[in-house]
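Notes follow the structure.
Derivation of every value follows stated rules applied to the coordinates shown; laboratory data play no part. Values in this document were obtained by computation on a predicted structure and should not be read as measured data. A quick note on method: Cβ atoms are made from the backbone with ideal geometry, for glycine too, and the neighbour counts reach across all protein chains shown.
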Amino acid sequence: MFFKGDKEELAIDAERVPKHIAIIMDGNGRWAKKRGLSRKMGHKAGADTLEKISRCAQDLGVKHLTVYAFSTENWKRSEEEVSAIMDLLRKYLDEHIKKCKKDNFRVNMIGDPSRLDRDIQEKINTLTSLTKDNTGLYLHIALNYGGRDEIERMVRKVAAMAAAGDMAAEDIDDKIISENLDTAGIPDPELLIRTSGELRISNFLLWQLAYTEFVFSDKLWPDYNENDLKEAVYNYQNRDRRFGGRK
Ligand code: FPP
């Protein structure tokens, strides 16, 4: 499969497309500011980019796409911005409920839903159950998600199991930990993409990114396109992954 690189056509090996890509969709605010628009308009453009990129990931043969839509820290933003993002989320969920069979995505949420408004929680549950028998991309949306919060919740669950005598503390291993995170059953991402030129992981998937390859893009999320995604996959395919070992 070929796509346009800077100077020449570049080839992606269809056999080695990452099964799981995680994305930190950053730069909506700066994109809006540059155009004299409200931050809400930036997030709206960001939601449109998410649509394009999810479809492209599915076409490339990616199985899982996890996107950071709202972090546990994002509540610190102005009430106006938080409610604008929540309204966009409502709209996004409603639209996906309508076209759930057409896209063929399987939608899932990671994060702690308890702080989200009741109607949003209900829409998420509806969409998850309507799409569970689809056969395409698993689209995991991180909402009120924080890596440390997820680990805290996991430790509480595992500690409670040990305290109840369901297992011994010595039995706690990599597998038990993974099975009690929000991402239970999902393979770790092979590739993480962050847009907007920021070089940090901002509390995203702290456990799961242990051996993930990172690709950073200077583009702001609303400007990110299908070709950029293909370039990131190409980049990933030309890395030497050793998982701490030697070749
Ligand atoms: C980061 O840009 C983006 C977010 C905090 C929210 C991401 C939300 C979307 C892509 C759209 C809504 C999602 C759904 C699923 C409807 P920023 O605001 O931090 O940008 P800045 O760093 O330039 O200010």
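How would TRP75, TRP207, TRP31, TRP221 line up from fewest to most surrounding beta-carbon atoms within 10 angstrom?
TRP75, TRP207, TRP31, TRP221
Cross-link check: pairs LYS102/LYS230; LYS98/LYS123; LYS52/LYS102 evaluated at a Cα-Cα cut-off of 20 Å; pairs beyond the cut-off: LYS102/LYS230. For the range 188-247, just say rounded, prolate or oblate: build the C-alpha gyration tensor, square-root its eigenvalues into a ≥ b ≥ c, call rounded for a/c under 1.5, and beyond that prolate if a/b exceeds b/c, oblate if not. In terms of gyration-tensor shape, oblate.
Would you look at the GNM of the chain, springs on alpha carbons closer than 10 Å, and say which of SER217, SER129, SER196 moves the most? In this elastic network of the chain, the residue with the biggest mean-square fluctuation among SER217, SER129, SER196 is SER129. If a spin label sat at a point 7 angstrom from the Cα of ARG30 along the line to its beta carbon, the backbone N atoms of the range 205-247 nearer than 18 Å would be those of 215-225, 228-229. Other residues within the sphere of radius under 10 Å centred on the Cβ of ASP87, judged by their own Cβ, net out at +4 (K and R +1, D and E -1).
Estimated purely from DSSP H runs of n ≥ 4, each contributing -39500 (n - 2.57), the mean residue ellipticity at 222 nm for the chain is -13000 deg cm²/dmol once divided by its residues.
Summing charges over neighbours of ARG30, with a neighbour being any other residue whose Cβ is under 15 Å away from its Cβ, gives +4 when K and R count +1 and D and E count -1. Between the C-alpha center of the range 166-206 and that of the range 1-64 there is a gap of 22 Å.
Mind checking which of ALA232, ALA168, ALA32 has the largest fluctuation in a GNM of the chain, springs on alpha carbons under 10 Å? Of ALA232, ALA168, ALA32, the most mobile in the Gaussian network model is ALA168.
Shown for PHE2, PHE243, PHE70, PHE214: other C-beta atoms within 10 Å of each C-beta, ranked fewest to most, produce the order PHE243, PHE2, PHE214, PHE70. The order of LEU199, LEU206, LEU127, LEU89, going from fewest to most other C-beta atoms within 10 Å of their C-beta, is LEU199, LEU206, LEU89, LEU127. Of the residues MET86, MET167, MET154, the one that moves most in a GNM of the chain with alpha-carbon contacts below 10 Å is MET167.
Relative protection proxy for 99-105, 23-29, from highest mean packing down: 23-29, 99-105 (other beta-carbon atoms within 10 angstrom).
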